[in-house]
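Structure, as structure tokens:
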Amino acid sequence: MAGIVITGAAGFIGAHCCAALTRRGHDVTGVDNFNAYYTPALKQARVEHLAAQARVHDIDINDHTALTALLDDVKPSVVVHLAAQAGVRYSFEAPLEYANSNLLGQVSVLEATRKQASVNRLIYASSSSVYSGVSTVPFTEDMKLGTPKSLYAATKIADEVLSDTYSSLYGLDAIGLRFFTVYGPWGRPDMAYWSFADAILSGRPLKLFNHGNVRRDFTYIDDIVAPIVTMVEEAADDRPATPRHRVYNIGNHTPTPVPDMIAHLERLLGRKAVVELAPLPPGDMVETFADVQRLQRDYGFAPSTPLETGLERFTDWYLQWRPRLAGGERAL
Ligand SMILES: NC(=O)c1ccc[n+]([C@@H]2O[C@H](COP(=O)([O-])OP(=O)(O)OC[C@H]3O[C@@H](n4cnc5c(N)ncnc54)[C@H](O)[C@@H]3O)[C@@H](O)[C@H]2O)c1
């Protein structure tokens, strides 16, 4: 089988993609710069425990020479580009990190990919944040996006525009995936479900934004990985007949009030949360809600894992790993 390159391979979604694709017999090469946005020890642990069958290289996607050399060496049929500076709130603190990884980085990956003749398809991560300037739900892919509410959202909209341009200029087949609040085992410590679980277990207060009036379309990691695998395999052997650029929502199409998510965690962890009410932080959206008809039409798939089921898998994993994570880097 032809090789697959995954950027952001030590990240939450990237490591799960490495695991799923290697399980299906693909030869997977990963790229990640192991940055310290959250503990690199968790990224290393994902590589060791989830992505063990992939070869993950410590490369920054902005090191264009190294990235090009890697693609030349591997000659992948599909590139799955998931490396980015993630997180809405951090984009108010460190805008240049977003410009570097999400704007320059996207161009570096697009340029390396279009020059590499073996590549049949580029699949890249966009985000539900592209809808931050939209006030009606559910969100459909053809909606006019308006003015984004954060720099993170702006970079993800820019990634789609850049990819659309590359696709039309160079005949690159490209698929942008608008992920909705992804959660699960080996997740991200900066996200609410993880930090809330940690607060509940430590007896620390957790902040409930917009006084609890926030709804999220929580999407279980396996429901994100499954369509990515299908999209990879569709293009692994042959170049699509009509190369083009498309975007898809991947979300659970079930917006859930954040207090309900906390209630599930309380039940699963057997402890009550100490809740502090707080206003909505700048950039945060009140509601996310994916329309997934396009994904269903083209790929016959829609995410369906109930939040309670997915959170149980997360807490099972978290209770097992938390002592090692809390022990710091050496304990991993
Ligand atoms: N998790 C979600 O809920 C969610 C929602 C919407 C969109 N996304 C997007 O999906 C993608 C994956 O997200 P994730 O949740 O796995 O995040 P993550 O932070 O766990 O993974 C991203 C990985 O990319 C790496 N990286 C960052 N900048 C890099 C660079 N310049 N060069 C090389 N590697 C670099 C990081 O070290 C990290 O391991 C991102 O593009 C993110 O914006 C995620």
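Across the stretch 112-129, the qualifying residues are those that are within 10 Å of Asp173 (Cα to Cα) and within 21 Å of the chain's Cα centre (by Cα), and the one among them that is nearest to the ligand (Cβ to nearest atom) is Ile123.
Taking only the stretch 16-39 into account, find how many residues are within 12 Å of the ligand (Cβ to nearest atom), farther than 23 Å from Ala69 by Cβ and surrounded by fewer than 17 Cβ atoms within 10 Å (Cβ to Cβ). Qualifying residue count, the stretch 16-39: 2.
Scoring Thr165 on the criteria (1) surrounded by 23 or more Cβ atoms within 10 Å (Cβ to Cβ); (2) free of Cβ contacts under 8 Å to residues at least 40 places away in the same chain leaves a single failure, condition (1).
For the condition within 7 Å of the ligand (Cβ to nearest atom) and touching a helix residue (DSSP H, G or I) at 6+ places or on another chain (Cβ under 6 Å), Ile4 does not qualify. Taken together, the residues in the stretch 145-155 that are within 11 Å of the ligand (Cβ to nearest atom) and closer than 15 Å to Asp284 by Cβ amount to 2. Candidates in the stretch 130-144 are the residues that are farther than 13 Å from Met285 by Cβ and in contact with a helix residue (DSSP H, G or I) (Cβ under 9 Å, 6 or more places away or on another chain); of these, the one that is nearest to the ligand (Cβ to nearest atom) is Glu141.
Screening Ile123 on (1) assigned to a strand (DSSP E or B); (2) free of Cβ contacts under 8 Å to residues at least 40 places away in the same chain shows it passes everything except condition (2). The number of residues in the stretch 189-236 that are buried (at least 16 other Cβ atoms within 10 Å of the Cβ) and not in a helix (DSSP H, G or I) comes to 11. Listed here are the helices (runs of 4 or more DSSP H) enclosed by the stretch 8-78 that have at least 1 residues being in contact with a strand residue (DSSP E or B) (Cβ under 8 Å, 6 or more places away or on another chain) and more than 28 Å from Ala117 (Cβ to Cβ): 12-23, 40-49.
Screening the stretch 40-76 for residues that are under 16 Å from Ile4 (Cα atoms) and touching a residue at least 60 places away in the same chain (Cβ under 8 Å) and picking the one that is farthest from the ligand (Cβ to nearest atom) gives Lys75.
Computed from the coordinates by the stated procedures, all read-outs in this text should not be read as laboratory data. All values reported here derive from a predicted model rather than from experimental measurement. Note that we place each Cβ from the backbone using ideal geometry, even for glycine, and neighbour counts take in every protein chain shown.
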